[in-house]
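Quick notes on the structure that follows.
The values are calculated or read from the model by the stated rules, or taken from the named source; none is laboratory data. Small disclaimer: the values here were computed from a predicted structure and weren't measured. With ideal geometry, Cβ positions are generated from the backbone for all residues, glycine too; neighbour counts draw on all protein chains shown.
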Amino acid sequence: MGKPLRVLLVEDSEDDALLLIRELRRGGYSVEWERVDTEADLRIALARAPWDIVFSDFHMPAFSAQGAFAVVQAHVLDVPFIIISGTVGEETAVAAMREGVNDYLIKGSLARLVPAVERELKKVADRREQRALEDRLRETRAQLEQIVAAIPDVFWSARVVDRRPIMVFVTPSCRGVLGEEAETLLERPNLWIDMIDEVDQPEVRVALSRAIDAATPATIAYRVRVNGEVRWIENAVVPIVEGSRVTALRGVARDVSARRALEEQLMFADRMVSMGTLAAGVAHEINNPLAVVLAGIEFASEALDGTGHGGALSHSEAREALSDASEGAERVRTIVRDLKLFSRVDDERSEAVDVRAVFESSIRMAWNEIRHRARLVRVYSDVPLVEANNARLGQVFLNLLINAVHAIDEGRVNDNEICVTISLDPRGRVAVEVSDTGCGIPPDVAGRIFEPFFSTKPIGVGTGLGLSICRRILERFNGTIDVRSEPGRGATFRVLLPRAVEREVSAPPVSVLPEQAALRAKVLVVDDEPSIGIMMCRTLADLCDVRSTTRAAEALAWIAEGADFDVVFCDLMMPDFTGMDLHAELQRVAPSMTDRMIFMTGEAFTRRARTFLDSVPNARLEKPFDLRTLRALVERRGQEGVADAAHTPA
């Protein structure tokens, strides 16, 4: 059976039509055909049934090939149209083909008929297949656009030019995530970098450079401000390599603010569990030096009064007692500083961190637990600073120390050891290892210890979050953590951290003060704790004129009435009227006074206080502070005030 072919003939001669049909059948076609010779009949035939090919005579009494071709075109049919005529000249045929006719044949010479039909039918089949592919592509594209529009994440693409990414594509969801229209980001290709918080920009630029230079994917977290709201964005970046270099970046950015907030709550809960575990030991570490402080002060007081036991005491004995008390107070201050480090709630800034100093703080926090179970061995090498966060890294190290302690039974201190090793690995990363001689970790457990809420400790001991939080914290700083262990032979946890990003540090300007008689600086102290004001007035009385108040509103009233001060020491956190509130009011009534403010803090920061301190350049004085630091600060500020006065025109 031949190949089916539906043929429409526009021909006034029945004999010529039969000759053409016979030639097609001889070429292997099973032909179903119809002949018409008027425009009306052609229109009816085209409307009644589909056709595979149309043949037309050139000249007919009531019709023509040009008219037939126009009718076929009007029906928008993708059907080959071939002219067959015995009278048409070559120029006329060529002109017709230029108008769109597929071919022309000479009646009585149909050798090219079958090849021409096969060629034109193949072209039609190819075009139909192409259209089908294009239709499927449009449908798929529409589906993808619908899916992308429904996904809140931002898909983007950037071209790499001179090692810098230039945005060339971004999905409309950027409006909800970044607060900018896609068109705006494309018109201003560097805007998405400029939107990043200034604190995070150096780290983001370094991470992008690493991804481009090493052609390795990266996940970058940073903050942006959208309509006054700070959002955390996580951006997964994939380099596109052509030849031997990265020519583009593709990525997905998403708003992870809610997840970060939840993680912070979990991290804080874990820190509080750790602090609760260590509370008795920390209290012990504070009470011992505190006892020395109280005893030393009492001893010195009795010496001054001449009421000491056993008669009068010498001044040298009193000074020795006070020296012991000062040393004990310094120990208490160190412990309080360590506590402040671990209690920071919302300080997420990445900075250059000394791992040895942070680990020593962690050791002091856990010391009362360690000393009853094992000897502590330190093996510290000289290592560079790492890119991390003091508080978060301290939380990781404290967790590792507590886990090491809990793996060792009490009572056999000389038989057990906890070893802390700090060194460089072959790739230049800082490696911190915490090894213990405890019970070890079974193989079936080792693979799960970093899972959230997985714990081998008894119910009620720990949260099961410690190690999973450690891993999450380290991942934020491009660090890693792993473990090696054998049951009965202890465990070694290893932390790897990248070197700190090199930051440009500008030297403060050096000013030469004019030689003139010293002027007494005027100092204002604002602190809701009366004893702080009294102590500072007593300490500074010989250096400057000091005025103090426990109410920020009263300080504001003095300044508004014309009082002028060279230095304003102000507690940051006070009830009703905070140091932040005073700063805002002074910007309104005495703007120059805001630059002279020094904020005194105990570092019990709220989120608002942390944001405020990040936004102002004012100096800080951390409590507890020693008197020499206080006096030196006032002397320096007093000299600056003298210099300002000397340069002010009379």
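Is it the case that region 102-120 has a residue that's within 30 Å of ILE212 (Cβ to Cβ), assigned to a strand (DSSP E or B) and not basic (Lys, Arg)?
We begin by selecting, within region 102-120, every residue within 30 Å of ILE212 (Cβ to Cβ); these are none.
No, there is no match, as no residue in region 102-120 is within 30 Å of ILE212 (Cβ to Cβ), assigned to a strand (DSSP E or B) and not basic (Lys, Arg).
Given the conditions (1) touching an Asp or Glu at 6+ places or on another chain (Cβ under 8 Å); (2) outside any helix (DSSP H, G or I); (3) closer than 19 Å to ASP12 by Cα; (4) not hydroxyl-bearing (Ser, Thr, Tyr), and given that VAL88 satisfies all but one, which numbered condition is not satisfied?
Of (1) touching an Asp or Glu at 6+ places or on another chain (Cβ under 8 Å); (2) outside any helix (DSSP H, G or I); (3) closer than 19 Å to ASP12 by Cα; (4) not hydroxyl-bearing (Ser, Thr, Tyr), only one is false for VAL88: (1).
Which ranges mark the strands (runs of 3 or more DSSP E) fully within region 529-634 that have 3 or more residues being surrounded by 13 or more Cβ atoms within 10 Å (Cβ to Cβ) and modelled with pLDDT of 85 or more? Step through it out loud before you land on a result.
Working: elements: 544-549, 567-571, 597-601, 620-622.
Of the strands (runs of 3 or more DSSP E) lying wholly inside region 529-634, those with at least 3 residues that are surrounded by 13 or more Cβ atoms within 10 Å (Cβ to Cβ) and modelled with pLDDT of 85 or more span 544-549, 567-571, 597-601.
Among the residues that make up region 58-80, is at least one of them in the same structural domain as PRO115 (by TED's automatic domain parsing), touching a residue at least 24 places away in the same chain (Cβ under 8 Å) and hydroxyl-bearing (Ser, Thr, Tyr)?
For region 58-80, residues in the same structural domain as PRO115 (by TED's automatic domain parsing), touching a residue at least 24 places away in the same chain (Cβ under 8 Å) and hydroxyl-bearing (Ser, Thr, Tyr): absent.
Scan region 313-324 and give yes if some residue there is crowded, with 16+ Cβ neighbours inside 10 Å, modelled with pLDDT under 75, out of contact with any helix residue (DSSP H, G or I) (no Cβ under 8 Å at 6 or more places or on another chain) and part of a helix (DSSP H, G or I), otherwise no.
No, that holds for no residue.
Please go through region 462-471 and pick out each residue that is farther than 18 Å from ALA407 by Cβ and at pLDDT 80 or above.
Of everything in region 462-471, just one residue is farther than 18 Å from ALA407 by Cβ and at pLDDT 80 or above, namely ARG471.
Which residue, of ARG136, ARG175, is more than 30 Å from SER209 (Cβ to Cβ) and basic (Lys, Arg)?
ARG136
For the structure I just gave you, tell me whether GLY28 is surrounded by fewer than 18 Cβ atoms within 10 Å (Cβ to Cβ) and within 20 Å of TYR104 (Cα to Cα).
When the stated conditions are applied, GLY28 does not pass them.
Mind telling me which of the residues ILE459, ILE441 ends up being in a loop (DSSP other than H, G, I, E, B) and modelled with pLDDT under 70? Quick ask: steps written out before the conclusion?
Numbers: ILE441 fails: modelled with pLDDT under 70.
Answer to the check: ILE459.
Counting just the residues of region 420-438 that are assigned to a loop (DSSP other than H, G, I, E, B) and among the charged types (D, E, K, R), which one comes out modelled with the lowest pLDDT?
ARG427
When you scan region 29-66, how many residues do you find that are touching a strand residue (DSSP E or B) at 6+ places or on another chain (Cβ under 6 Å) and small (Gly, Ala, Ser)?
The qualifying residues number 4.
Return yes when LEU398 is under 26 Å from the mean Cα position of the chain (by Cα) and at pLDDT below 90 and no when it is not.
Numbers: under 26 Å from the mean Cα position of the chain (by Cα): yes; at pLDDT below 90: yes.
It is true that LEU398 is under 26 Å from the mean Cα position of the chain (by Cα) and at pLDDT below 90.
Matching residues to (1) surrounded by 14 or more Cβ atoms within 10 Å (Cβ to Cβ); (2) at pLDDT 85 or above; (3) of a type in the set (A, V, I, L, M):
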residue	(1), (2), (3)
VAL148	yes, no, yes
ILE166	yes, yes, yes
SER173	yes, yes, no
LEU186	yes, yes, yes
TRP192	yes, no, no
ILE196	yes, yes, yes
ALA207	yes, yes, yes
ARG210	yes, yes, no
ASP213	no, yes, no
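When only residues in region 472-515 that are modelled with pLDDT of 55 or more and of a type in the set (Val, Ile, Thr) count, which is farthest from the chain's Cα centre (by Cα)?
Of everything passing the filter in region 472-515, THR492 is farthest from the chain's Cα centre (by Cα).
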